[in-house]
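Colleague: The structure under discussion is supplied below as structure tokens; questions concerning it will follow.
The values are calculated or read from the model by the stated rules, or taken from the named source; none is laboratory data. From a predicted model like this one, the values you see are computed outputs, not experimental measurements. Every residue, glycine as well, gets a Cβ built from its backbone with ideal geometry; the counts of neighbours run over all protein chains shown.
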Amino acid sequence: MAKKRILSGMRPTGPLHIGNLHGALANWKSMQDQYECFFFIADWHALTSDYDTTAPIRGYIMDVFIDWLSAGLSPGKCTFFVQSHIKEHAELFLLLSMITPLPWLERNPTYKEQIAQLQNKDLSTFGFLGYPVLQAADIIMYKANGVPVGIDQAPHVELTREIARRFNHFYGNIFPIPDTILTETPKILGIDRRKMSKSYNNAIFLSDSPEEIRNKVSRMITDPQRARRTDPGNPDVCNVFSFHRLYSDNDTVQGIDRECRKAQIGCVECKQMMSENLIRALGPIRDRRSGYEAKPDAVRAILEDGNRKAQAVARKTMEEVRAAVKI
Ligand code: TRP
Ligand code: SF4
């Protein structure tokens, strides 16, 4: 039986951090054998909010792509592409925009949230409201059966399903209705205990050197109640401890849990143990990265190959779409 096809994407907003690794990337990687995978970089989507600062986007595309490869997404198993290279997305977006009722977009929860959150930006644009329509075009263009996304993106896939149904209703059954594949995204806190995010300047990046990791971990906020080395600590509220759970073995985790509560271990030592384990855990990613960074032409060729494959699928879909819409 043919493998089911999944598709997902990321906006190129900068290098990826360990929050992205344990969220999207780990999930994508675990699906690459079971599914036919299309993963793409949504650079047009980056413009919906960053239309006034476009200069870094091209560089970010390569950063994100090298992060994907370094994290172990395999060019032999996945098709990788860049959204803006496949102009068919723009055409399908236009056709879908004709049939998408405005209220569907206006009641989209992520739309309302973002407008409220990003007060310093003028997001009252046509493109920003239409964000999910472009996303629907991205997804149905490849007739994806499933879309692995975190919970925050689930409303967009729901809208995609509605738009696809509406298209099929008007013009004939062309598109499968894609399933939302909800992916587990453990909440990873940054070194300042806020949600890890590039924009908060609190992230540990996949591309950080061991030195940078040691430095960042040494600055991590621990149990805020533990002011002195002689004070007992509480690992349950300590972010360093939650990192230990991810990167240290069970015995270490249990030992720290015990000793911290009795002030038998200091935070400096505890952090040093954790950062070495974190550095070790990211070792395979660092190794793959140095391999790819030594061959930038090969990396570009992988993306060009993916663009070609995606383009072929998109052309075929658009031929069917134009025939169905009779335009
Ligand atoms: N909106 C997604 C995000 O911000 C990125 C994206 C664009 C996407 N098109 C997509 C994800 C299609 C899945 C499928 O993360
Ligand atoms: Fe956190 Fe470790 Fe310090 Fe305990 S000893 S408060 S777990 S850093």
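Colleague: Test Asn120 against the criterion of being over 15 Å from Ser8 (Cα atoms) and of a type outside the set (Ser, Thr, Tyr), and give yes or no.
Modeller: yes
Colleague: Helices (runs of 4 or more DSSP H) wholly in the range 1-116 with at least 3 residues that are assigned by TED's automatic domain parsing to the domain that holds Pro155, farther than 17 Å from Ser207 by Cα and not small (Gly, Ala, Ser) - which ones?
Modeller: Working: elements: 26-31, 43-50, 57-71, 88-99, 102-106.
Passing ranges, in order: 26-31, 43-50, 88-99, 102-106.
Colleague: Moving on. Go through Lys309, Lys295 for me and flag whichever is in contact (Cβ under 8 Å) with a residue 60 or more places away in the chain, on the phi < 0 side of the Ramachandran plot and loosely packed, with under 15 Cβ neighbours inside 10 Å. First the steps, then the outcome.
Modeller: On the way: Lys295 fails: in contact (Cβ under 8 Å) with a residue 60 or more places away in the chain.
Among Lys309, Lys295, only Lys309 is in contact (Cβ under 8 Å) with a residue 60 or more places away in the chain, on the phi < 0 side of the Ramachandran plot and loosely packed, with under 15 Cβ neighbours inside 10 Å.
Colleague: Going by the conditions given, is Arg300 touching a residue at least 12 places away in the same chain (Cβ under 8 Å) and away from ligand 2 (no atom under 16 Å from the Cβ)?
Modeller: No, not satisfied.
Colleague: Listed residues Ile163, Ile177, Ile181; which is in the same structural domain as Pro132 (by TED's automatic domain parsing), in a strand (DSSP E or B) and not charged (D, E, K, R)?
Modeller: Result of the check over Ile163, Ile177, Ile181: Ile181.
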